[in-house]
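Below is one structure; the comments refer to it alone.
The values are calculated or read from the model by the stated rules, or taken from the named source; none is laboratory data. For clarity, every value in this text was computed on a predicted model and none was experimentally measured. A quick note on method: Cβ atoms are made from the backbone with ideal geometry, for glycine too, and the neighbour counts reach across all protein chains shown. Quick note on the areas: whole protein, heavy atoms, side chains included, nothing else; ligands and nucleic acids left out. Shrake-Rupley method; radii C 1.70, N 1.55, O 1.52, S 1.80 Å.
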2 protein chains.
Amino acid sequence: MTETSLKSETADCSVCHYVRNLIEYTSNYFRTGKQAMGFKKTDQVKNNEDLERERKKCSFNPLELTHLIDGGPEKTKERKEREHYFLSDPELKDSVPQDYLSHKEKYEQAVRKACLLFQKVTQLRDKGGDLEIFRQTLSGMLGSAILKDGNPITLHYVMFLPTLVGQGTVEQQAEWMGRAWNCDIIGTYAQTELGHGTFIRGLETTAHYDPKRKEFILNSPTLTSYKWWPGGLGHTANYAVVVAQLHTQGVCHGIHPFIVQLRDEETHKPMPGIKIGEIGTKLGMNATNNGYLGFDNVRIPREQMLMKNAQVLEDGTYVKSPSDKLTYGTMMFVRVVILQDMAGYMSKAATISIRYSAVRRQSELKPGEPEPQILDYTTQQYKLFPNLAACFALRFNAAWLWNMYNSVTAELEEGDLDRLPELHALSCCLKAVCTADVAHGVETCRLACGGHGYMTCSSMPSIYGLVTAASTYEGENTVLLLQTARYLIKAWQQAVGGMALTPTVAYLKHAVTGNTGLRRWENTAECIVRAHQQVAAGKIKMCADNMDRRIRGGISPEDAWNMTSIELAQCAEAHARAIIVNRFVETVAELIVSDALKTVLTQLSELYGVYWLLQKSGDFLMYSDVTSQDISSLQKWMEQLLAQIRPNAVGIVDGFDICDEILSSALGCYDGRVYERLFEEASKSPLNKEPVNISFQKYLKPFLKASL
Amino acid sequence: MTETSLKSETADCSVCHYVRNLIEYTSNYFRTGKQAMGFKKTDQVKNNEDLERERKKCSFNPLELTHLIDGGPEKTKERKEREHYFLSDPELKDSVPQDYLSHKEKYEQAVRKACLLFQKVTQLRDKGGDLEIFRQTLSGMLGSAILKDGNPITLHYVMFLPTLVGQGTVEQQAEWMGRAWNCDIIGTYAQTELGHGTFIRGLETTAHYDPKRKEFILNSPTLTSYKWWPGGLGHTANYAVVVAQLHTQGVCHGIHPFIVQLRDEETHKPMPGIKIGEIGTKLGMNATNNGYLGFDNVRIPREQMLMKNAQVLEDGTYVKSPSDKLTYGTMMFVRVVILQDMAGYMSKAATISIRYSAVRRQSELKPGEPEPQILDYTTQQYKLFPNLAACFALRFNAAWLWNMYNSVTAELEEGDLDRLPELHALSCCLKAVCTADVAHGVETCRLACGGHGYMTCSSMPSIYGLVTAASTYEGENTVLLLQTARYLIKAWQQAVGGMALTPTVAYLKHAVTGNTGLRRWENTAECIVRAHQQVAAGKIKMCADNMDRRIRGGISPEDAWNMTSIELAQCAEAHARAIIVNRFVETVAELIVSDALKTVLTQLSELYGVYWLLQKSGDFLMYSDVTSQDISSLQKWMEQLLAQIRPNAVGIVDGFDICDEILSSALGCYDGRVYERLFEEASKSPLNKEPVNISFQKYLKPFLKASL
């Protein structure tokens, strides 16, 4: 996109204003070396004055933060151009907000927009755009701005295509990839069943090999074996990768992936033996078209089992996969992406609630004085700023895990599996803790917006609907925490046995040698990090001891595990927190940014660490250097940090640079015209298009007149 | 309703089965003195076997619990008859689940059902039924079973009528009550504005008295002065009590209530000068028709100011109300009702999640063994049972607060205001803590149901939508906690000054005299209660000290209050918890029930106390007799309690006796046929009525064929 095309902006799109401002401010900033005072808009109605005042008193340049997040000014420019390309398209907007539509209408609109979206994506790609565009439109902020309640085609790109690549042979890829890549067919990934989710070994769908006809026969032997949940499965996809228990030569070989045609390519009617539909309405993501799928003797050619790893030969001979661990990769990749998404959603919620809290005035601090901005209430800061800090904690940890994922994957390809368990343990507990934190954080931010946060036009309810789902999908959180705990107990045993420890559990060695001693507490980031590690180590040791005690008492290891599992899940959580705090503090220390920005980021990292210390003060009193005398000084430190962050809060969320179209919130818009926008949104309700609703004549009037 | 009418049951209604079982079991139980084995159903498909096994091993009679909750066998019978009367009416059922409808259709269906519901209520009333029926249909479980997403007429009964009674003169009641009581007119209560909620002094709507025409002129001077949120205001009510700033003789006298006609009684068209509509879609309660309302020189006769308390004479002279405190009553009444409602919603969520956890089998505890019921996982018990205990904590505390409310109201009428501040402080913190607990508890139960809990047919999302709203309405929770904190700080000063303390803060005197000393910890209910009181006292003292320190340091009392407010809100929370735990333990101790039930209730009360102690272990280590050595023994005690409650969990929720129509959950039904019901619910989706959706021809096919 060129400078010229930027000028062909539509009146509706605020992205272009941003882009223009961005260019202007970037050049100013780097020319004069002075701090520009945030963003501003020119050709619009006046911005809210409180918000403008906040921007003036900001002590750092939000644009520097934007560039830091994007990875440099060029990346920021590219992102904004891409946002403009999509968000300025009137066809990708809703004429009536989808919350007013029926479930069926929502789906139909979602298909319309999804097709258009991927047409545009394909056009960009064909013009030589990079693949980043897929990430941005599929799981990033941009995609969820256009398809606010889910995308019925996402799984084609996120699961169907990657599975063909990851599990298909060269011949299978040759046959299927072209058609899938060009969207001649639309696929999904059908694994979860009505009766089984996280525990995939329990899946019940069967695929029996018939050597006579060289076909697999798929069946759903029970009600609970029906596929249930896959996105796009209901009425959208015409193909699926189906995960089923493979039976050949009378033996069950466990679950394997198969390509199955679901619907006729011309008529879209379900294929013979395919029982298919959608599963119904949900808390959120009502446009993803989650479906069910049953098989009644559905036959597919032998070639449609994906055979890059395990194989079934023509005669039915089963050839095992060289390593089970090869499939771990995708799962871990998805968890890294979830962390990135969580950072994005948390940033949206923080932006909305902090801007609204700067605009909203309520009650009184001192009699006779004007009503204060609610952002001035310490209790409000306490609700918002730890979540603001979490945006960075998530982002920095996601980036770190992403790097680790890439290097471990590279090692894997050279046959080195050493770091896989560590990566797996990390991805499990970080996914669990971050999704739970963000769900809770988003709700805290929503409730901090009072009644208006309950309105869908605030966007807060839909953000919650999206993030809370992540606590369950891609591994239920408690199950994941217990997987990490298993790794930690092993690591503890290694530590006790004097064996070498992988870097992320190296802190255990201090706990073993017992040379932690009690050191004098100081309110420093270093002490905070060490204390979090002491707590994690203390809780891991305690779990190991409790396991031992129970086993020595004659309880089976499995029962002992179950009996200790509350504490085991908590020790995995403490480990994750120690990792996150450490990474946050270290990343900030290493960043090469202006002093002004560094100060702000340091305050946020300290707030994050202190906040969680105080949330779990019991653990710290039991396992770390913190004594009960230190708690009140930590409380004061936290209160100071809140006060220090207060004047920069709006600047920080401005620095996230989430444009109005993506925020999609009457409460969070850049201009702060909250009340005007609430009214504008209400005016879009179809009920408000007529002064008297039909229900008056039909029901209410007869009721009112009944007693006359 | 007679025995005979019970037999005229419809096939759809499971209530009648319950009633019949009830009668059968009650007579058995009281005749033989033996424990009947819970409920059972006869003429239905087979119940889930796991659930039946749970019922057989229950150690107490769930029916005794049902009677305890209802207040005796007769009350149970009455409740069930009432439930049957409404729930067997096919007209009050949805042909298509409302989640599939558009927003407008949802509203129209809600008006239809609300009119029918109140017709039936009126019929019952006219046949001599008691007023309990109003409570049950308006705020109880029954009402929310019929109008699952809110009732657009509720505020007529809950706010409009009571305000006429509470604030109208005898003449005004004579003029308006008859018409309102007979539903010739439908009213609502318009207080909250776009710009002001909890802080009602800040309301901006004006009512200027014009002595020439003896009228008030109502205006909305700003955008933020528009009324915003009142239920039924959008398109349903034709009258409202409007709260506005009264101006007369050039002086503003603060907010007062006025009766205003909103719509023509014949045509339902908005009256001149009335700008009215609905506010749009929300996280939940989308059928309540929350509205906005603006005034443009709307004139009403002087007689339409409600003048029981303050008055404006014909010449414009303002006559003050004898006491401001008289209006407190309604607010506190509503908060008591909220506690009762919260107990009901928590019971629904507990019933659904516990029954589902007994039916769902997943993963493995021991290799080779069958998949266990997920209720056997200790982590699952840890999620569910503290919330099961909370059902009782809420119920017993609501009942206690209700009694206190009644006696204080009686004292008020005799001019005795002494206990009003204590009741106010209690109602504030209990409302805040209970609504927050239940919102969190419902979500925990929902997440414990895995992916299926995300489906609306589980009913969990709509329960959450209803309960989370209660954290904001009728006083935002943080604001309420700080009001209680103000009372507590005063109480502390009284305690220090050696003055007498009201009963609910009497525990402060030990903290002042310092004779708490450290006593040896024992795992008893008595120690648990004392420890909670020690924590509350310790935190109140700490807040008072921090306030003092800040004020002595030259900070104004108002700023010191704000700076201390995080800890102040927490001390109010600790106070509420101490109250709840104490009340739970004492109520159970006083109950006259069988030993078997007493044992179960004692376990639940202990679990509640220990759970919250461990959740806030830092506070207990700092302020109570608990030492870090005790924490691990408390953890073991909690784990033991979970194991003890496990075999009775299904029996306990059966004892809540919430019929399937009220639960309205595929996961929670009495028969445990979870998977069949999930399928039945999916089959109701309009999308599933046709094999190929229109979006295929319109959008998907052109997209798929684009590259060919």
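Suppose we filter the range B:415-438 for residues that are within 12 Å of chain A (Cβ to nearest Cβ) and open to solvent by 10 Å² or more (accessible area, probe 1.4 Å); how many remain? Let's see the steps before the verdict.
Our first condition is that a residue be within 12 Å of chain A (Cβ to nearest Cβ); within the range B:415-438, this holds for B:432, B:435-436.
With the extra rule that they be open to solvent by 10 Å² or more (accessible area, probe 1.4 Å), the set shrinks to B:436.
Looking only at that region, the number is 1.
Of everything in the range B:288-312, what is within 11 Å of chain A (Cβ to nearest Cβ) and either small (Gly, Ala, Ser) or surrounded by fewer than 18 Cβ atoms within 10 Å (Cβ to Cβ) (or both)? Give them in sequence order.
B:Gly291, B:Gly294
Show the residue pairs meeting these rules: Cβ distance below 6 Å; 6+ apart or different chains; first residue within the range B:607-624 and touching a residue at least 60 places away in the same chain (Cβ under 8 Å); second residue among the polar types (S, T, N, Q) and buried (at least 23 other Cβ atoms within 10 Å of the Cβ).
These pairs meet every condition: B:Tyr623/B:Gln534; B:Ser624/B:Gln534.
Any idea which of B:Leu131, B:Leu116, B:Leu92, B:Leu138 is aliphatic (A, V, I, L, M), open to solvent by 20 Å² or more (accessible area, probe 1.4 Å) and within 14 Å of chain A (Cβ to nearest Cβ)?
On inspection, the qualifying residue turns out to be B:Leu116.
Scan the range A:687-697 residue by residue and report those that are surrounded by fewer than 17 Cβ atoms within 10 Å (Cβ to Cβ) and facing chain B (nearest Cβ under 7 Å). Can you show your working first?
The first filter runs over the range A:687-697 and keeps only residues surrounded by fewer than 17 Cβ atoms within 10 Å (Cβ to Cβ), leaving A:689-692, A:694, A:697.
The answer is A:Pro691, A:Val692, A:Ile694.
Matching residues to (1) in contact with a helix residue (DSSP H, G or I) (Cβ under 9 Å, 6 or more places away or on another chain); (2) at pLDDT below 95; (3) within 14 Å of chain B (Cβ to nearest Cβ); (4) open to solvent by 60 Å² or more (accessible area, probe 1.4 Å):
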residue: A:Gln483; (1), (2), (3), (4): yes, no, yes, yes
residue: A:His510; (1), (2), (3), (4): yes, yes, no, yes
residue: A:Thr516; (1), (2), (3), (4): yes, yes, no, no
residue: A:Gly538; (1), (2), (3), (4): yes, no, yes, no
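Which of the numbered conditions does B:Ile338 fail, given that it passes all the others? Conditions: (1) within 12 Å of chain A (Cβ to nearest Cβ); (2) surrounded by fewer than 24 Cβ atoms within 10 Å (Cβ to Cβ); (3) touching a residue at least 12 places away in the same chain (Cβ under 8 Å).
Only one criterion in (1) within 12 Å of chain A (Cβ to nearest Cβ); (2) surrounded by fewer than 24 Cβ atoms within 10 Å (Cβ to Cβ); (3) touching a residue at least 12 places away in the same chain (Cβ under 8 Å) is unmet by B:Ile338, namely (1).
Restricting the range B:141-168 to residues that are more than 18 Å from B:Gly187 (Cα to Cα) and in a helix (DSSP H, G or I), which is most open to solvent (accessible area, probe 1.4 Å)?
Looking at residues that are more than 18 Å from B:Gly187 (Cα to Cα) and in a helix (DSSP H, G or I), I get B:Met141.
For residues that are within 18 Å of A:Glu303 (Cβ to Cβ) and open to solvent by 20 Å² or more (accessible area, probe 1.4 Å), tally how many sit in the range A:213-246.
Residues meeting the conditions: 4.
Using the structure shown, decide if B:Thr627 is away from chain A (no Cβ under 14 Å) and open to solvent by 10 Å² or more (accessible area, probe 1.4 Å).
no
Condition test on B:Tyr675, is it buried (at least 20 other Cβ atoms within 10 Å of the Cβ), closer than 21 Å to B:Pro372 by Cα, touching an Asp or Glu at 6+ places or on another chain (Cβ under 8 Å) and aromatic (Phe, Trp, Tyr)?
So B:Tyr675 does not fit the description; no.
Is there a residue being farther than 30 Å from B:His256 by Cα, within 18 Å of the chain's Cα centre (by Cα), among the polar types (S, T, N, Q) and more than 14 Å from every other protein chain (Cβ to nearest Cβ) anywhere in the range B:149-161?
Step one: filter the range B:149-161 for residues farther than 30 Å from B:His256 by Cα, giving B:149.
From what is left, the residues that are within 18 Å of the chain's Cα centre (by Cα) are B:149.
Add one more test, that the residue is among the polar types (S, T, N, Q), and what stays is none.
No, there is no match, as no residue in the range B:149-161 is farther than 30 Å from B:His256 by Cα, within 18 Å of the chain's Cα centre (by Cα), among the polar types (S, T, N, Q) and more than 14 Å from every other protein chain (Cβ to nearest Cβ).
Within the range A:499-514, how many residues turn out to be assigned to a helix (DSSP H, G or I) and not hydroxyl-bearing (Ser, Thr, Tyr)?
7
So which residues in the range A:656-675 are more than 7 Å from every other protein chain (Cβ to nearest Cβ) and either at pLDDT below 95 or part of a helix (DSSP H, G or I) (or both)?
Passing the criteria: A:Phe656, A:Asp660, A:Glu661, A:Ile662, A:Leu663, A:Val674.
Could you list, in sequence order, the residues of the range A:450-475 that are open to solvent by less than 20 Å² (accessible area, probe 1.4 Å) and outside any helix (DSSP H, G or I)?
Hits for the range A:450-475 are A:Met455, A:Ser459, A:Ala470, A:Ser471, A:Gly475.
Taking the stated definitions as given, is A:Gln640 without any contact (Cβ under 8 Å) to a residue 24 or more places away in the chain, over 30 Å from B:Ile274 (Cα atoms), surrounded by fewer than 20 Cβ atoms within 10 Å (Cβ to Cβ) and within 13 Å of another protein chain (Cβ to nearest Cβ)?
yes
Could you list, in sequence order, the residues of the range B:203-212 that are in a loop (DSSP other than H, G, I, E, B) and open to solvent by less than 10 Å² (accessible area, probe 1.4 Å)?
Our first condition is that a residue be in a loop (DSSP other than H, G, I, E, B); within the range B:203-212, this holds for B:203-205, B:211-212.
Selection gives B:Leu203, B:Thr205.
Just to be sure I understand, how many residues within the range B:230-250 are in a strand (DSSP E or B) and closer than 15 Å to B:Phe295 by Cα?
8
Take B:Asn523 and tell me if it is within 13 Å of chain A (Cβ to nearest Cβ) and either buried (at least 22 other Cβ atoms within 10 Å of the Cβ) or over 23 Å from the mean Cα position of the chain (by Cα) (or both).
No, not satisfied.
Tell me, yes or no, whether the range A:476-498 has at least one residue that is in a helix (DSSP H, G or I) and within 15 Å of the chain's Cα centre (by Cα).
For the range A:476-498, residues in a helix (DSSP H, G or I) and within 15 Å of the chain's Cα centre (by Cα): present.
I'd like the residue in the range B:63-88 that is closer than 19 Å to B:Val600 by Cα and over 24 Å from the mean Cα position of the chain (by Cα) and, out of all such residues, is most open to solvent (accessible area, probe 1.4 Å).
Only one residue fits best here, namely B:Glu64.
Based on this model, can you work out whether A:Ala390 counts as within 14 Å of chain B (Cβ to nearest Cβ), crowded, with 24+ Cβ neighbours inside 10 Å and under 30 Å from A:Arg135 (Cα atoms)?
On the way: within 14 Å of chain B (Cβ to nearest Cβ): no; crowded, with 24+ Cβ neighbours inside 10 Å: yes; under 30 Å from A:Arg135 (Cα atoms): yes.
When the stated conditions are applied, A:Ala390 does not pass them.
Considering only the range B:562-571, state which residues are part of a helix (DSSP H, G or I) and either β-branched (Val, Ile, Thr) or more than 8 Å from chain A (Cβ to nearest Cβ) (or both).
B:Ile566, B:Leu568, B:Gln570, B:Cys571
Being within 14 Å of another protein chain (Cβ to nearest Cβ) and either in a helix (DSSP H, G or I) or modelled with pLDDT of 95 or more (or both): is that true of A:Arg549 here?
yes
What is the residue count in the range B:318-361 for residues that are modelled with pLDDT of 95 or more and touching a Phe, Trp or Tyr at 6+ places or on another chain (Cβ under 6 Å)?
Matching residues across the range B:318-361 total 2.
Could you say which residue among A:Thr502, A:Thr468 is within 14 Å of chain B (Cβ to nearest Cβ) and either more than 28 Å from the chain's Cα centre (by Cα) or in contact (Cβ under 8 Å) with a residue 12 or more places away in the chain (or both)?
A:Thr468
Say whether the condition of being among the aromatic types (Phe, Trp, Tyr), buried (at least 23 other Cβ atoms within 10 Å of the Cβ) and closer than 28 Å to B:Gln98 by Cβ is met by at least one residue in the range B:186-195.
The answer is yes, given that some residue of the range B:186-195 is among the aromatic types (Phe, Trp, Tyr), buried (at least 23 other Cβ atoms within 10 Å of the Cβ) and closer than 28 Å to B:Gln98 by Cβ.
All but one of (1) over 24 Å from the mean Cα position of the chain (by Cα); (2) not acidic (Asp, Glu); (3) not in a loop (DSSP other than H, G, I, E, B) hold for B:Cys183, so report the exception by its number.
Among (1) over 24 Å from the mean Cα position of the chain (by Cα); (2) not acidic (Asp, Glu); (3) not in a loop (DSSP other than H, G, I, E, B), the lone unmet condition for B:Cys183 is (3).
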